[in-house]
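Novice: Dropping the structure in here first, questions after.
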Amino acid sequence: MKVSSALSSLVFLLLLLLTSVLDFVPNIIVEGGEENAEQAEDVKRSQFPDGFLFGVATSSYQVEGAVHEDGRSLSNWDVFAHTKGNIENGDNADIADDHYHHYLEDIEIMHSLGVDSYRFSVSWERILPRGKFGDVNPAGILFYNKIIDNLLLRGIEPFLTIHHHDLPQELMDRYGGWLSPLIQEDFVRLAEACFKHFGDRVRYWITINEPNLVSEFAYERGKYPPARCSPPFGNCSAGNSDVEPLIVMHHMLLAHAKAVKLYREQFQAKQGGTIGLVVSTHMYEPLTDDELDREAASRGLAFYVGWSFDPVVFGDYPPEMRRYHGSELPTFTSDERQLMRDSTDFLGLNHYVTLYAKDCIHSSCTCFVPSCFPGGDRAIRGFVSTTGFRDGVAIGEPTGNPRFFVVPRGMEEAVDYIKERYHNKPMFITENGYSSPKGQQEQVDDLQHDIKRVAYHKSYLSALARAIRNGADVRGYFIWSLIDNFEWTDGYDIKFGLYAVDRVTMDRIPKSSAKWYRDFLHNISFNHQEPRIAIPFSSAADGFLPNIKNGTAEMA
Ligand code: NOJ
């Protein structure tokens, strides 16, 4: 064990040397005229508005580890990951990136990159390990206080997500998690604990990350816990793919709006923060020029993105959904519509990919190949089938996730779509990132010299800059992710990080993309804003930063 650990450290040391030699990252060209232009454009920080937040993102479950420490309870994901066959290579997140013990180092690398903001989530299991059936866990509060304080010491703005996929297993066992309306009260309790303990320093809040993806992956496809679904979507032991995703979304949206109401009534005026919802925002383009496919692309967006955003902006589900769903689509009472309407200060977009959309109302969408995702001919999918291929040709360069392709123009299209549909409400790009395909050579490249990740970010940022020039009110951009981490059912095989993590020593190794982001961010120009609290790094003793909460010098 010791020898392999020493060897692994040596290899990483060599890679580290190599990556620092390869400081210069050239533009790369991919096929396709339009994309070429995007790749060639040398995007600059100065193309973004004053005060625009550039950041990096992670989530608690994907990086923290330490699942049995300091009063944390078991989560739905712990139980799922420890059930054989659920995660690639039998991986789990018991250790993940051990961020629980390495958070100072992680804040240090963020500081060295020069980011303005860090998007992270709290673990429900650490803060309220038994939900409403128990008390707030002081050790959980302390951990996030240390993160927040140390971020502020470095001039990094905390951007806090209250719920990002993981929740106490006890809430699953007692009432079925998000399937039950009871979870709303539990979520509001969690949110309240966060506002109360962190709100004096946190100015950016996200209630829930990707309710649309959770509804789909956990209750339609049966791929995430509690793995519920029904044919043709999958073979789960229980579930109803046509109905349950709608119920789950309904509860998530109401929980979101109730937490926002609480924040606005009791905290916002004195704490001065802003609060929003984050949605997985794919872009769709018609598979053919046929008018029916055009309608399918637009309907698909309403069913995927509008499903969450319409209620929090307009107070109800999209008319497109009402038209095609029957009584299975839940209804909001008039009080609830009022609660929902305008229940977000900003729209958070996690954007990675654009797919083709095909109409399934007038033509058959039965799947014949394994790569086809079933259910396009059902109401829950809006009678739309989506795919990354047209006549066997991929819409963009493939990545590590078989459903994600590199389509930079989609960033501009997605932002334009949201701008138009929601009257240019403020937006943040809360996630955007690249994972290399799983091949051996690609993985080596990814670790040493990830020029594809650099090209991805440059081209997506160029597209974003165009959308902003055309009037979109986008206020920030977060790279997913700071470090390689536990990519849910893909375990550690799929890597999105600017930094690699040596899984033996837990060393963080900068990739070329980390160096590119640092250089990009240091194009300071006139946009630069002074950090809120400017305490020089050298004042901290050996990486141990004092916890400044309540003026006490608690050691982190
Ligand atoms: C969205 C999710 O929020 C995040 O948890 C995930 O790792 C990334 N996308 C990449 O798939």
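The values are calculated or read from the model by the stated rules, or taken from the named source; none is laboratory data. Because the structure is a prediction, the values reported are computed rather than measured. Because the Cβ atoms are built from the backbone with ideal geometry, glycine has one as well, and the counts that use them run over all protein chains shown. Side chains included, ligands, DNA and RNA excluded: accessible areas come from the protein's heavy atoms. Shrake-Rupley method; radii C 1.70, N 1.55, O 1.52, S 1.80 Å.
Novice: When the dipole is taken about the Cα centre of segment 57-194, and only Lys, Arg (+1) and Asp, Glu (-1) are charged at their Cβ, what size is it in debye, to the nearest 20? Don't skip to the answer; put the middle values down first.
Specialist: Values: 10 positive and 23 negative charges, 77 e Å.
So the dipole magnitude of segment 57-194 works out to roughly 380 debye.
Novice: Zone of V369 (label point 7 Å along Cα→Cβ, backbone N under 12 Å): which residues in segment 389-404?
Specialist: Zone members listed by number: 389-395.
Novice: Between segment 287-339 and segment 230-250, what's the alpha-carbon centroid distance in Å?
Specialist: 18
Novice: Sort 85-96, 427-438 by packing, meaning the average of other beta carbons within 10 Å per residue, with the highest value first. Intermediate values should be presented prior to the final figure.
Specialist: Numbers: 85-96: 16.5, 427-438: 23.4.
In decreasing order of mean packing, 85-96, 427-438 become 427-438, 85-96.
Novice: In addition: Name the shape class, rounded, prolate or oblate, that the alpha-carbon gyration tensor gives for the chain, where a ≥ b ≥ c are the square roots of its eigenvalues, rounded holds for a/c under 1.5, and otherwise prolate holds if a/b is larger than b/c and oblate otherwise.
Specialist: On the way: a/c = 1.37, a/b = 1.14, b/c = 1.20.
Because its axes are fairly even, with a/c under 1.5, the chain counts as rounded.
Novice: So what J values fall out for segment 304-310 if you push phi through Karplus, 6.51 cos²θ - 1.76 cosθ + 1.60 with θ = phi - 60°, rounded to Hz, Gly and Pro as x?
Specialist: After applying 6.51 cos²θ - 1.76 cosθ + 1.60, I find 8, 9, x, 3, 9, 6, 4 Hz.
Novice: Farthest toward the dipole's positive end in the chain, which of V474, T399, Y356, given Cβ charges of +1 (Lys, Arg) and -1 (Asp, Glu) about the Cα centre?
Specialist: The one lying farthest along the dipole's positive direction is V474.
Novice: I've got another one for you. What is the extension gain from E69 to Q441, computed as 0.36 nm multiplied by their sequence separation minus the C-alpha to C-alpha distance, in nm to one decimal? Walk me through the intermediate numbers first.
Specialist: On the way: separation 372, 0.36 × 372 = 133.92 nm, distance 3.73 nm.
Roughly 130.2 nm would be gained on extension.
Novice: Okay, moving on. Write out the cysteines belonging to the chain for which the nearest other cysteine Cβ is not under 4.7 Å, or none if no such cysteine exists.
Specialist: If one checks each Cβ against the other cysteines of the chain, C194 turn up with nothing under 4.7 Å.
Novice: What does DSSP give for the chain in terms of the percent of beta bridges that are antiparallel, rounded to the nearest 5? Please report the intermediate quantities before stating the final value.
Specialist: Details: 16 of 54 bridges.
About 30 percent, rounded to the nearest 5.
Novice: Residue-wise, which Karplus ³J(HN,Hα) couplings in Hz belong to segment 449-456, taking 6.51 cos²θ - 1.76 cosθ + 1.60, θ = phi - 60°, and x for glycine or proline?
Specialist: 8, 7, 5, 5, 5, 4, 4, 4
Novice: Need the full-extension length gain, M506 to D493, defined as separation in residues times 0.36 nm minus the C-alpha distance. One decimal, nm.
Specialist: Values: separation 13, 0.36 × 13 = 4.68 nm, distance 1.60 nm.
Length gained, M506 through D493: 3.1 nm.
Novice: Something else now. Assigning unit charges at the beta carbon (Lys, Arg +1; Asp, Glu -1) and nothing else, what dipole magnitude in debye, to the nearest 20, does the chain show about its Cα centre?
Specialist: Details: 53 positive and 76 negative charges, 194 e Å.
The dipole of the chain has a size of about 940 debye.
Novice: Work out, step by step, the length gained on full extension between R341 and V79: first 0.36 nm times the residue separation, then minus their alpha carbon distance; give nm to one decimal.
Specialist: Details: separation 262, 0.36 × 262 = 94.32 nm, distance 3.61 nm.
Going from the current span to full extension adds 90.7 nm.
Novice: Quick check for you: with a 1.4 Å probe and neighbouring chains kept, what is the accessible area per residue of the chain, in Å²? Provide the component values of the computation, followed by the final result.
Specialist: Working: 21230 Å² over 556 residues.
Counting only protein heavy atoms, the per-residue value for the chain is 38 Å².
Novice: May I ask you to derive the relative contact order of segment 410-513, considering only C-alpha pairs under 8 Å and at least 6 residues apart, and to give it as an integer percent? Spell out each step's value before the answer.
Specialist: Values: 146 pairs, mean separation 35.0, N = 104.
RCO, segment 410-513: 34 percent.
Novice: Just name one of Y460, L447, N424: the one whose Cα is farthest towards the positive end of the charge dipole of segment 381-461 (beta-carbon charges, Lys/Arg +1, Asp/Glu -1).
Specialist: Of the options given, the answer is N424.
Novice: Calculate how many DSSP beta bridges within segment 114-263 are antiparallel, expressed in % of all such bridges and rounded to the nearest 5.
Specialist: Details: 1 of 10 bridges.
Of all bridge pairs located within segment 114-263, approximately 10 percent are antiparallel.
Novice: What shape does segment 314-413 take by its C-alpha gyration tensor, where a ≥ b ≥ c are the square roots of the eigenvalues and a/c under 1.5 counts as rounded, a/b above b/c as prolate, and the rest as oblate? Write down the numbers at each step before the final one.
Specialist: On the way: a/c = 3.07, a/b = 1.45, b/c = 2.11.
Cα axes put segment 314-413 in the oblate bin.
Novice: At 1.4 Å probe size, with the rest of the protein present, what percent of the exposed accessible area of the chain is carbon and sulfur atoms?
Specialist: On the way: 11670 of 21230 Å².
The nonpolar share, carbon plus sulfur, comes to 55 percent.
Novice: Also: By DSSP, what percent of the beta bridges with both residues in segment 336-479 are antiparallel, rounded to the nearest 5?
Specialist: 55
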